[in-house]
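The values are calculated or read from the model by the stated rules, or taken from the named source; none is laboratory data. Please read these numbers as outputs of a predicted model, since none were measured by experiment. Counting neighbours? That spans all protein chains shown, and the Cβs are built from the backbone with ideal geometry, glycine included. Accessible surface areas use protein heavy atoms only, side chains included; no ligands, DNA or RNA. Shrake-Rupley method; radii C 1.70, N 1.55, O 1.52, S 1.80 Å.
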Amino acid sequence: MKEAEKYEKIERYLNGQMSDAEMERFEQSMGKDAALRNDVQLHRDLAQTLKGDQVHRLRATLKEVDQKWTHAPAKKEGKVRLLRPITWLAIAATMALLVVSYFVFQPARPSHQDLFAENFAPYPMVLNQRSGTPVDSILQAAIDAYERGSFVEATQQFQRLQDLDSNNFVYRFYQGLSFLANQEAGKAISILIPLVNGKSKLKEQSQWYLALAYLQIKDF
Amino acid sequence: MIEAQTVDDEQLLNGLLKADHQLIAKVYDLALPAVIAWIKENSGTETDARDVFQEALIALFQKLEKGDFKLTCTLKSFLRIICRNLWLTRLRNKGKMLGKPLEEVEFVQLDNDLQDRIERSERERLFYQHFDALGENCRKILQWFFDKIPLKTIAQRLDSTEGYIKKRKFLCKEKLVKAIQADARFNELKNN
């Protein structure tokens, strides 16, 4: 079959323009000829992919946006980033100094809430979903709630995760932070104290947030 | 109808559907940095990440085009998941391994439709690359042909005759098909 003739037959077949008898003969040919079958599949896929003005317009826009887009260095994801203990100690020392300064200098007398607000920021999310586990959808809901600042929902989702995996100290850590972000320092403290007293990888981070929790309830 | 968790995300999704330059730039600002960071940590480059991000937006656009769509997480998270699945699919197709067991890496299940698009995305990327390499008239003729515009109408649009357009259509398509079939990636994808 000449190439042009073959193309025309394939197109008529894919467009449903063959008579029943012609279609049956063509399908018999496809059954015997793998190369013809592959050609038909490729023509079908090309038509499916390349049709439609909208997607081409989108592709042109994406190309333009991409060429102009620049970014600041991104934060790393996917790892538990541990600052060296000395960094956390330095931060805690700075905070202690702030508190002392408040008492010694008293320039503008920031409130406990002011100090808390100046120093609190939710710890970056380092949890990742794992494939094939039932906990995936709950974990995704917890991550999303935490990242968008819905801390009440985040505490609930992290509790559900702990109900499924009570040994996971990372779930407890983020639940504690979610309570703290939601101004529930008492609940945060009860979660963070065991983490501070334990040997988890988030011990130093827990110390920092525990200090902030005490600041929130003015217990120092 | 498009629904999302926030008004901002709904606006961005509608912007994607309309190919709105400004809103798509906001989607880039929102989600691309995290995708770049993750892909660079998983055997890729920034160029790979930008490619994957565009594929993700196209896949999402095709999903939005089909009709009602409800986003049940943030748009940033959703794009991150699509990009990760796309990247892992690409690595698998290349027979590449990551530096760590696959079980430790995200591969969150998306709905079947979107997952099918991700599986097809590598082939589609190949098709687009070779389609873009054709001349402008070839691209117009083929796109209108695939949109089932009659050859007579295509001829009128290009101020030509139907017989000439029929011949050009065959030549353009043959060039495209042969370029794809000669591409080593096409044969790799066929065997996966």
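The table for this structure:
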| quantity | calculated |
| --- | --- |
| Interface A:B - total buried accessible surface [probe 1.4 Å, Å², rounded to 100] | 4900 |
| Percent carbon-and-sulfur accessible area, chain B, ignoring ligands, DNA and RNA, probe 1.4 Å | 49 |
| Debye, to nearest 20: dipole size of chain B, +1 on Lys, Arg Cβ, -1 on Asp, Glu Cβ | 1080 |
| Calculated from backbone phi, Karplus (6.51, -1.76, 1.60) coupling profile of segment B:26-32 in Hz, x at Gly/Pro | 5, 5, 4, 4, 5, 10, 5 |
| For residues of B:35-45, the mean tally of beta carbons on other chains within 10 Å | 2 |
| Cα-centred dipole magnitude for segment B:153-192, charges only on beta-carbon of K, R (+1) and D, E (-1), debye, nearest 20 | 80 |
| Selection from B:Gln54, B:Asn85, B:Ile154, by position along the positive dipole direction of chain B (Cβ) | B:Ile154 |
| Rounded tilt (10° steps) of B:162-182 against the dominant C-alpha axis of chain B | 40 |
| Förster radius 45 Å - calculated FRET efficiency between A:Glu147 and B:Glu136, Cβ distance, rounded to 0.05 | 0.55 |
| Three-way shape call for chain B based on the alpha-carbon gyration tensor, with the a/c threshold at 1.5 | oblate |
| Mean ellipticity per residue at 222 nm, deg cm²/dmol - from DSSP H runs of n ≥ 4 across chain B, formula -39500 (n - 2.57) | -24000 deg cm²/dmol |
| Exercise: per-residue mean of other protein chain Cβ atoms within 10 Å, B:16-27 | 4 |
| Exercise: per-residue mean of other protein chain Cβ atoms within 10 Å, A:54-60 | 6 |
| Protection proxy ranking, peptides B:38-49, A:12-23, A:167-178, average beta carbon neighbours within 10 Å, highest first | A:167-178, B:38-49, A:12-23 |
| Among B:Cys138, B:Phe170, B:Asn187 - extreme Cα towards positive end, dipole of chain B, charges at beta-carbon | B:Phe170 |
| Protection proxy ranking, peptides B:169-181, A:146-158, average beta carbon neighbours within 10 Å, highest first | A:146-158, B:169-181 |
| Residues of chain B: accessible area per residue with a 1.4 Å probe, Å² | 48 |
| Unsatisfied cross-links (Cα-Cα over 31 Å) in the set B:Lys26/B:Lys169; A:Lys6/B:Lys66; B:Lys40/B:Lys63; B:Lys18/B:Lys169; A:Lys63/B:Lys63 | B:Lys26/B:Lys169; A:Lys6/B:Lys66 |
